[in-house]
Amino acid sequence: MIALFAVTDAGRRAADEVAVAVDGQVCPLDELPRLWSGLDGAVFFLAAGATVRLIAPLLADKRTDPGVVCVDEARRYAIALAGGHGGGANQLATRVAAAIGAEPVITTASDATGTTGLDELVAVLDAHVDGDLAAAGTALLDGAALVENPLGFPLPPLPPVSGPARHTIVVTDRAGTADPSTTRLVPPTLVVGIGSARGVSADAVRATLRRLETEHGLDPRAVRAYASVDLKADEAGILAAVAPSRLLTYPAAVLGAVDVPNPSDVVMAEVGTPSVAEAAALHAARELAGGAPVELAAEKTKDAMVTVASARIRPRGRLAIVGLGPGAADLRVPRADAELRRASVVVGLDQYLDQVAHLLRPGTEVHSSGLGDEERRAADAVALAAKGHAVALIGSGDAGVYAMASPALQQAGSDIEVVGVPGVTAALAAAALLGAPLGHDHMLISLSDLHTPWDVIERRIAAAASADVVACFYNPRSRDRHWQLGAALDTLRAHRPPSTPVGAVRQAGRPGQRVWTAPISDFDPTEVDMLTTVIVGSSSTRLTAGRMVTPRGYRWSVDNDVLAD
């Protein structure tokens with residue numbers, strides 16, 4: 001919950017506006033102490049000093065405190081006052097500022113310089129921190145931190161070392177000793193399998209688990225989950241040694257199918273599987289890995305009544321496929337901006353890269369190409385992700401609609417993690433400007449025959465015509481493909497009344513935007529180009545106050561005072 005607090009009439013008016021934009025709730029100021037621990041964010045329409053005094057007694061830990069934003073009485077500034085990264089105040093300040101036309105004030109060093117801060121790196125890795133976080137973060141921003149990444153995590157762009165390194169930041173699941181000049185980031189990469197005799201004590205389980213650290217060098221903070229055979233789901237000693245919520249159990253038949261280096265006939269006779277610890281660790285790790293490679297980090301280690309083993313989930317390269325929307329910044333979803341900042345490599349069409357160049361962090365590698373290179377761009381992005389990079393592949397509209405997702409995912413294997421970021425596609429952007437032409441069933445059809453034979457496209461147009469659904473045409477007309485839109489309209493005219501409205505939008509959400517409609521009998525295809533989206537109504541589509549509307553099929557009557565259920 002995002003709570004908004006104000007004490008003056010002007011502040012309350014501003015709070016009401018912002019509440020709608022951030023899906024928040026305006027609350028009485030005296031409710032702050034009660035609400036604090038459950039808040040995701042807090043916005044105060046007060047002086048900064050007054051806000052500081054109010055929140056000071058409530059602040060506990062920047063990792064759990066809500067982000068706090070302060071807005072001045074004149075609505076000029078939205079200040080991220082506390083919890084910039086961990087609490088989300090920086091992002092919240094940006095949203096608040098956009099809602100009331102203010103300027104966001106963000107003072108965290110990494111945001112001020114546009115670089116990746118250590119807090120954000122910790123969050124990306126979901127890591128435990130061992131060492132002096134403040135010293136490491138300062139050194140990183142100063143270009144004086146050497147980052148070691150032996151596991152090969154796909155990291156965001158980091159400030160380069162610009163002089164003698166005074167601090168080392170290591171991303172590892174290996175146990176290490178404390179060192180004032182080294183900070184260890186420990187991500188959750190390990191799954192520990194446990195087998196035991198019936199009636200084992202919690203102390204015996206804990207002692208054997210400690211051997212994974214002392215003998216195999218694994219950091220216990222890197223353990224993501226524990227696993228065993230389902231016969232041990234109620235084993236009191238195991239449940240007392242590890243959090244029950246972190247224990248995964250599997251049938252013996254499932255574990256018996258797992259190939260392990262150290263099977264045991266004795267275990268097979270007693271439990272029904274030749275391995276518990278190794279098999280459970282490997283099987284659970286593969287379930288949690290989502291396709292990432294898994295390896296045995298520690299083979300089984302035995303005591304009198306306990307056997308443990310550990311599997312490691314290896315990181316994969318990361319490919320974010322990002323739709324930028326129609327072009328206007330305020331029609332680009334926030335997650336797209338976050339993924340662009342997260343990526344160390346961005347691949348895209350030159351003109352789309354120009355739109356988002358200001359969002360890229362220093363050190364981001366950019367792969368730019370011109371029109372017509374879609375397959376090569378997709379292959380480039382997939383290859384870079386397969387090498388372990390954090391890659392963003394960008395396109396306009398929605399990446400999954402006549403865009404980059406399809407050619408990329410045709411080539412992407414399970415060796416890379418894929419993240420899809422939706423965007424406002426051309427059909428939606430155009431429809432919003434035209435009215436509600438997509439209010440009922442509709443079809444999206446590309447008129448480009450570069451990838452689809454025209455006779456196939458023609459059959460699809462005929463199907464839309466005979467089914468009496470709204471047709472939305474992408475790639476309607478270019479210099480070399482100038483007759484296809486006219487042919488498509490001729491097919492639809494045979495099934496539509498002459499008054500059926502046709503809407504067109506050129507450069508939706510961009511400078512030079514043009515929106516127009518005409519009856520299908522009079523619509524002129526020569527006004528259309530490749531930057532235009534054309535929507536042809538169904539037989540029920542009408543112009544109402546100049547807007548295209550396709551009814552949803554509800555039965556309305558002006559004589560009815562109530563709607564039937």
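The values are calculated or read from the model by the stated rules, or taken from the named source; none is laboratory data. All values reported here derive from a predicted model rather than from experimental measurement. A quick note on method: Cβ atoms are made from the backbone with ideal geometry, for glycine too, and the neighbour counts reach across all protein chains shown.
The C-beta contact set for region 290-311 (first residue free of Cβ contacts under 8 Å to residues at least 24 places away in the same chain and at negative phi, second residue part of a loop (DSSP other than H, G, I, E, B) and not acidic (Asp, Glu), distance under 9 angstrom, 6+ apart or interchain) comprises 294/314; 295/314.
Yes or no, residue by residue, for (1) part of a loop (DSSP other than H, G, I, E, B); (2) within 19 Å of residue 376 (Cα to Cα); (3) among the small types (Gly, Ala, Ser); (4) not assigned by TED's automatic domain parsing to the domain that holds residue 507:
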site: 408; (1), (2), (3), (4): no, yes, yes, yes
site: 412; (1), (2), (3), (4): yes, yes, yes, yes
site: 439; (1), (2), (3), (4): yes, no, yes, no
site: 461; (1), (2), (3), (4): no, no, no, no
site: 464; (1), (2), (3), (4): no, no, yes, no
site: 471; (1), (2), (3), (4): no, no, yes, no
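For region 305-346, a residue qualifies if it is of a type in the set (A, V, I, L, M), buried (at least 24 other Cβ atoms within 10 Å of the Cβ) and within 30 Å of residue 237 (Cβ to Cβ), and the qualifying residues are 306, 308, 309, 311, 313. From the residues in region 372-395 that are part of a loop (DSSP other than H, G, I, E, B) and in contact with a strand residue (DSSP E or B) (Cβ under 7 Å, 6 or more places away or on another chain), which one is surrounded by the fewest Cβ atoms within 10 Å (Cβ to Cβ)? Within region 372-395, the match that is surrounded by the fewest Cβ atoms within 10 Å (Cβ to Cβ) is 387.
Enumerate the helices (runs of 4 or more DSSP H) found wholly within region 188-303, keeping only those where 2 or more residues are under 24 Å from residue 172 (Cβ atoms).
Working: elements: 202-214, 236-241, 252-256, 265-271, 277-289.
Passing ranges, in order: 202-214, 277-289.
Output the qualifying pairs, or none if there are none: Cβ atoms under 9 angstrom, residues six or more apart or on different chains, first residue in region 433-460 and free of Cβ contacts under 8 Å to residues at least 24 places away in the same chain, second residue polar (S, T, N, Q). From region 433-460, the pairs are 450/475; 452/446; 460/452. Among the candidates 258, 271, the residue that is of a type in the set (A, V, I, L, M), in contact with a helix residue (DSSP H, G or I) (Cβ under 6 Å, 6 or more places away or on another chain), farther than 16 Å from residue 247 by Cβ and modelled with pLDDT under 95 is uniquely 271.
Of the residues 182, 208, the single one that is in the same structural domain as residue 144 (by TED's automatic domain parsing), in contact (Cβ under 8 Å) with a residue 24 or more places away in the chain and either polar (S, T, N, Q) or surrounded by fewer than 22 Cβ atoms within 10 Å (Cβ to Cβ) (or both) is 182.
Go through region 522-533 and report how many residues are in contact with a helix residue (DSSP H, G or I) (Cβ under 7 Å, 6 or more places away or on another chain) and either in a loop (DSSP other than H, G, I, E, B) or among the β-branched types (Val, Ile, Thr) (or both). Steps first, answer last, please.
Of the residues in region 522-533, the ones in contact with a helix residue (DSSP H, G or I) (Cβ under 7 Å, 6 or more places away or on another chain) are 523, 525, 528, 533.
Subsequent filtering for residues that are either in a loop (DSSP other than H, G, I, E, B) or among the β-branched types (Val, Ile, Thr) (or both) retains 523, 528, 533.
The number of residues fulfilling the criteria is 3.
Per the conditions (1) at pLDDT 90 or above; (2) buried (at least 17 other Cβ atoms within 10 Å of the Cβ); (3) under 30 Å from residue 189 (Cα atoms); (4) among the charged types (D, E, K, R), the sole criterion not satisfied by residue 40 is (2).
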